[in-house]
1. Any residue at all in region 119-134 that's buried (at least 17 other Cβ atoms within 10 Å of the Cβ), among the small types (Gly, Ala, Ser) and over 15 Å from residue 311 (Cα atoms)?
2. I'd like to check something: does region 148-156 contain any residue that is in contact with a Cys (Cβ under 7 Å, 6 or more places away or on another chain), buried (at least 17 other Cβ atoms within 10 Å of the Cβ) and not in a strand (DSSP E or B)?
3. Just name the residue that is farthest from residue 39 (Cα to Cα) out of those in region 101-116 that are open to solvent by 10 Å² or more (accessible area, probe 1.4 Å) and in contact with a Lys or Arg (Cβ under 7 Å, 6 or more places away or on another chain).
4. Could you please find all residues in region 1-47 being surrounded by fewer than 17 Cβ atoms within 10 Å (Cβ to Cβ), more than 25 Å from residue 76 (Cα to Cα) and in contact with an Asp or Glu (Cβ under 9 Å, 6 or more places away or on another chain)?
5. Please enumerate the residues belonging to region 87-98 that are in a loop (DSSP other than H, G, I, E, B) and closer than 21 Å to residue 314 by Cβ.
6. Just need a number here: residues in region 206-236 that are open to solvent by 40 Å² or more (accessible area, probe 1.4 Å), at pLDDT 95 or above and of a type in the set (Gly, Ala, Ser).
7. Report, ordered by the first and then the second residue, all pairs with beta carbons closer than 6 Å, sequence separation of six or more or different chains, a first member in region 202-215 that is in contact (Cβ under 8 Å) with a residue 24 or more places away in the chain and closer than 24 Å to residue 40 by Cα, and a second member that is part of a strand (DSSP E or B) and among the hydroxyl-bearing types (Ser, Thr, Tyr).
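The values are calculated or read from the model by the stated rules, or taken from the named source; none is laboratory data. As the structure is a prediction and not an experimental result, all values here were calculated from the model. Cβ atoms come from the backbone with ideal geometry, glycine included; neighbour counts cover every protein chain shown. With ligands, DNA and RNA removed, areas are computed over all heavy atoms of the protein, side chains included. Shrake-Rupley method; radii C 1.70, N 1.55, O 1.52, S 1.80 Å.
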Amino acid sequence: MKALVQLGFGTPGRLELCDVATPAPGPGEVLVRVHAAGLNAADRLMLRGEPFAIRAGAGGLRRPRPGFVTGRAFAGRVESVGSGVDDLRAGDEVFAEGTGAIAEFARVRARLAAPKPATMTFIEAAALPLGGTTALQEVRDALRVRAGQRVLITGASGGIGTFAVQIAAARGARVTAVCAGRNAELMTSLGAEAVVDYETTTAPGEGYDAILDLAGNYPLPVLRNALAPGGVLGLSVGTGGRWLGPARRILAAKLTTRRARSLVARPGRGDLIALAAMVEEKQVRPVIDRVYPFAEAGAAMDHIDRGRVAGKIVVEVAGDGSS
């Protein structure tokens, strides 16, 4: 099969469409014929190999293991199932979070795959895993956003942020989105009550019951001052160099802010189903910045590596994305 293989750590030039062996599903796994793969910030981190700790996921500290296929979010049709799988069968349309997504076939644990609603295209479904599940868990679990709260979201126009804005608004929060000014109209269409342009402001205001920092636009003291008494600060990004990455900013926040929170998103079928239900109920919609054909998968990774993405980048691997 054809797959986008990462030959080393560094720039998108280390990626190449190669012929690799088609995986076979093991016990508790399914093999999916991929129709579309969604790119995420995690794919860029793995490509760059920074912070260094992330390299373990590619199977090597100096270089990825041979045949390492990039990508972690996809949608397609089940090709075959391994032993012990009785809730999925060949032909089922699914979307999932698992490794090796940008390929003609991807193997994934059945518990990490969910049925794709008939009303969603494969392209839309591929945009949900990882970015959507992270946003859901941040808003629902880490920050426990509820109706009437004032919520600030930085990095609001990104792959996680576009979901977080919608999920917080769906929970009845009054959302202020921080993004570049060119994305202000998009933010209001997603449910933001107010928009702050980080390129022209030094502070996002104050009195927020919850802040979700997805971009590190503002120094920690600024974010602390923006919190209302008893407010909660959630962080998932930050600078920290090649060794610590976001951990340095998160640790600093926890040492100086009693109500700082961080979350490691956990993949699972339940949250994929929850997101799909929100899409069907028109509470959430995947924001697609651009769709690339499979032959240009390397260019898609270059796009997300350069940044300035509004929503999600998706690679269409097979089909026309219409079903």
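1. no
2. Yes.
3. 111
4. 7, 11, 13
5. First, the residues of region 87-98 that are in a loop (DSSP other than H, G, I, E, B): 87-92, 98.
The answer is 92, 98.
6. 0
7. Qualifying pairs under 6 Å: 213/154; 214/154; 215/154.
Per-residue answers, yes or no, for (1) closer than 29 Å to residue 96 by Cα; (2) open to solvent by less than 20 Å² (accessible area, probe 1.4 Å); (3) in contact (Cβ under 8 Å) with a residue 40 or more places away in the chain:
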position: 136; (1), (2), (3): yes, yes, yes
position: 143; (1), (2), (3): yes, yes, yes
position: 175; (1), (2), (3): yes, yes, no
position: 191; (1), (2), (3): yes, no, no
